[in-house]
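Notes for the one structure printed next.
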Amino acid sequence: MSNPLAGIPADKETVQALDRAHVFHSWSAQGLIDPLPIKSAQGSYFTDYDGKTYLDFSSQLVNVNIGYQHPKLVAAIAEYAQTMTTIQPAFANDARSEAARLICEVAPGDLNRVFFTNGGAEATENALRMAKLHTGRHKVLAAYRSYHGATAGAISMTGDPRRWGAEPAMPGIVHFWGPYLYRSAFHSATAEEETDRALQHLRDTIMVEGAQTIAAIILETVVGTNGILVPPPGYLEGVRAICDEHGIVMIADEVMAGFGRCGEWFAIDHWGVTPDLIAFAKGVNSGYLPLGGVLINDAIAATFDQRVYPGGLTYSGHPLACASAVASINIFKEEGIIDNARRLGADVIGPELAKIADRHPSVGEVRGLGVFWAVELVRSRTTREPLVPYNAAGAAAAPMNEFAAACKERGLWPMTHFNRTHVVPPCTATEQEVREGLAILDEALETADRHASD
Ligand code: PLP
């Protein structure tokens, strides 16, 4: 097998220089960034060109659920590439058929069809379109503190600052507040209050928007980038009931929370709720190749039995990407990866983060499940003032940058966002790796403690 990069200089300086000259990076001022060149990755670690290895507590963008270079997954991709590297979506293909079957098998309820995409944004984008066409209504309710992707509809549904640059956004999208007890929009003191009040707020929003105009409610089952917000008991059940009452499609965005991240196949399994559509991506094949999709229930699928679904992608159900999903799901089953994620959360990350919270005045709250946790950093535990302001940049973000630098110096790659660090290692991480990472986090938090007053 010939290496396509044979003969190209592989030193750090060349990689860096070509990147700076020709690569345009996401979400960045191009002149202000200095991307770290990465040479290799294995398991829960990746290594730079200076030979420094980092334990990955970010799973890249919370997608490498199976860890890096899983030998069986790499072999499966190489093997299937010998058979079929591409075939367009109008044909039937064995890898696509089997991937769809396996994904439906692990999905709840009657989610029996899959529309494949290349990633998460196209998944939420198509879920939005399906819901509108199925109901004949034009509005969608989406939560603040959410991220649904960067294409036109997906970014319009997003409830965080990433949407601002894309505004004016797609018409018909209305944002509401979801539950978040630590910073309750409803002044709740208990989880029960938060559930009741967040559901009442949703009902009120529907009342004033007009239920007959609303096609869908989309929410991240467990909110990811915006804070690992685990819904309080009864909330998702309540959203399901509201959707049923008004004929509104319930869309669960499981792009980040799905495929083992929360210690279940889908995060929503924790609450026994069946949404009408599930958007997935990331963990379905750990990003070894780009893949996402929408799981569709029987009723919505039936809408498009005799009526054309007006949507498609050249690479919908890409055979090689689908083959990697087949291999990945089977490896998850063979190796008990979901059980591992659940155990790590319950036995290691949860208890250890609770101890860390006790020790550090800068830790306001820790929360999460599976391998999906947030440590929320504050200047005061009494006032809950965030360690850095919402959407802070430059000097205002310095305390978080100092904390991240302290982790990296010690060989831990953290995932920081606003005033939080998320603990999101691969689902395949070992207990020892997780303990090693948490010990570094513990030390690095001393940088944040310097800014905390009580
Ligand atoms: N939805 C959620 C919950 C996400 O976390 C993301 C990405 O982080 C997306 C959608 C968009 O996925 P992609 O970046 O693959 O388009």
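Brief remarks follow.
- Taking the conditions (1) more than 16 Å from the ligand (Cβ to nearest atom); (2) crowded, with 24+ Cβ neighbours inside 10 Å in turn, I228 satisfies each one other than (1).
- If the condition is being in contact with a Leu (Cβ under 9 Å, 6 or more places away or on another chain), within 10 Å of the ligand (Cβ to nearest atom) and farther than 19 Å from M130 by Cα, then segment 281-298 contributes K282, G287.
- Search result, residues across segment 205-225 that are away from the ligand (no atom under 16 Å from the Cβ), among the hydrophobic types (A, V, I, L, M, F, W, C) and not in a strand (DSSP E or B): I206, M207, V208, A211
- L236 being part of a strand (DSSP E or B) and more than 12 Å from the ligand (Cβ to nearest atom): no
- In summary, R307 fulfils each of the numbered conditions (1) touching a Gly at 6+ places or on another chain (Cβ under 8 Å); (2) in a loop (DSSP other than H, G, I, E, B) with the single exception of condition (1).
- When F176 is tested against (1) touching a helix residue (DSSP H, G or I) at 6+ places or on another chain (Cβ under 8 Å); (2) within 15 Å of the ligand (Cβ to nearest atom); (3) closer than 19 Å to V249 by Cα, just one condition goes unmet, and that condition is (2).
- Any hit, segment 182-192, residues being within 16 Å of the ligand (Cβ to nearest atom), under 23 Å from T421 (Cβ atoms) and either in contact with an Asp or Glu (Cβ under 8 Å, 6 or more places away or on another chain) or not aromatic (F, W, Y) (or both): no
- Scanning segment 239-259 for residues that are within 15 Å of the ligand (Cβ to nearest atom) and at positive phi gives a single hit, F259.
- Pairs, first within 15 Å of A123 (Cα to Cα) in segment 287-301, second among the charged types (D, E, K, R) and part of a helix (DSSP H, G or I), C-beta under 8 Å, six or more apart: G292/E122; G292/K282
- Top-ranked residue of segment 145-169 - restricted to ones that are away from the ligand (no atom under 11 Å from the Cβ) and of a type in the set (D, E, K, R), ranked as nearest to N419 (Cα to Cα): R145
- Restricting attention to segment 124-144, the residues that are under 19 Å from the mean Cα position of the chain (by Cα), more than 7 Å from the ligand (Cβ to nearest atom) and crowded, with 22+ Cβ neighbours inside 10 Å total 6.
- Checking each residue in segment 115-152 for being in a loop (DSSP other than H, G, I, E, B) and under 23 Å from P168 (Cβ atoms) picks out R137, H138, Y144, R145, S146, Y147, H148, G149, A150, T151.
- Any hit, segment 329-336, residues being among the basic types (K, R), out of contact with any Pro (no Cβ under 8 Å at 6 or more places or on another chain) and within 23 Å of G109 (Cα to Cα): yes
- Cβ-Cβ under 7 Å pairs, at least 6 apart or on other chains, segment 123-152 side at pLDDT below 95, far side within 16 Å of the ligand (Cβ to nearest atom) and of a type in the set (S, T, N, Q): none
- Within segment 99-116, not a single residue is over 18 Å from N297 (Cα atoms), at pLDDT 95 or above and either surrounded by 14 or more Cβ atoms within 10 Å (Cβ to Cβ) or within 16 Å of the ligand (Cβ to nearest atom) (or both).
- Residue match in segment 65-86 (condition: closer than 30 Å to W271 by Cβ and within 16 Å of the ligand (Cβ to nearest atom)): yes
- Selection status of E433, in contact with a strand residue (DSSP E or B) (Cβ under 7 Å, 6 or more places away or on another chain), over 20 Å from L61 (Cβ atoms), among the acidic types (D, E) and surrounded by 16 or more Cβ atoms within 10 Å (Cβ to Cβ): no
The values are calculated or read from the model by the stated rules, or taken from the named source; none is laboratory data. Quick caveat: nothing in here was measured; it's all calculated off a predicted structure. Virtual Cβ from ideal backbone geometry, glycine too; neighbours counted across all protein chains shown.
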